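Everything on this sheet refers to the single structure shown next.
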Amino acid sequence: MQAGGPAADKAREEDAIRGVVERLKNAFSATHGPTEVEAAVAKAHASFTDRPVREFVPVLVERKARSILNNHSVDHR
């Protein structure tokens with residue numbers, strides 16, 4: 001476990017999720033608006049809320065959000 005306790009862990013996770021949002025905004029800028037990307041990340045992140053092990057949550061959120069965005073029709077933009 002890393003030093004800093006639960007508050008520091010939460011802050012690291014939040015920073016990592018912000019990074020996910022920015023990467024996906026860049027990756028999907030041609031097909032999805034920023035609000036849609038943020039919503040996909042929020043939906044993906046919410047699905048891991050009750051998971052006790054948080055270390056890999058940002059990676060899993062990014063994968064799930066990419067899947068959501070890849071499967072979402074451009075017609076819904």
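Some points to look at:
- Net charge of the neighbourhood of Ser47, taken over other residues with C-beta under 12 Å away and scored Lys/Arg +1, Asp/Glu -1, is +3.
- Per residue, the chain reaches -22000 deg cm²/dmol at 222 nm when only DSSP H runs of four or more residues are counted, each adding -39500 (n - 2.57).
- Relative contact order for the chain: 35 percent, from Cα pairs under 8 Å spaced at least 6 residues apart, divided by residue count.
- Carbon-plus-sulfur accessible fraction, the chain (probe radius 1.4 Å, protein heavy atoms only): 56%.
- Segment 1-52: Cα Rg divided by the 2.2 N^0.38 Å rule of thumb: 1.32
- Rolling a 1.4 angstrom probe over the protein heavy atoms with all chains in place gives the chain an accessible area of 69 Å² per residue.
- Whole-angstrom gap from segment 38-57 to segment 22-36, using each part's C-alpha centre: 18 Å
- Charge tally in the Cβ shell below 12 Å around Gly19, where Lys, Arg are +1 and Asp, Glu are -1, Gly19 excluded: -1
The values are calculated or read from the model by the stated rules, or taken from the named source; none is laboratory data. The structure presented is a predicted model; accordingly, all values stated were derived computationally and were not measured. Note: ideal-geometry Cβ built from the backbone for every residue, glycine included; neighbour counts use all protein chains shown. With ligands, DNA and RNA removed, areas are computed over all heavy atoms of the protein, side chains included. Shrake-Rupley method; radii C 1.70, N 1.55, O 1.52, S 1.80 Å.
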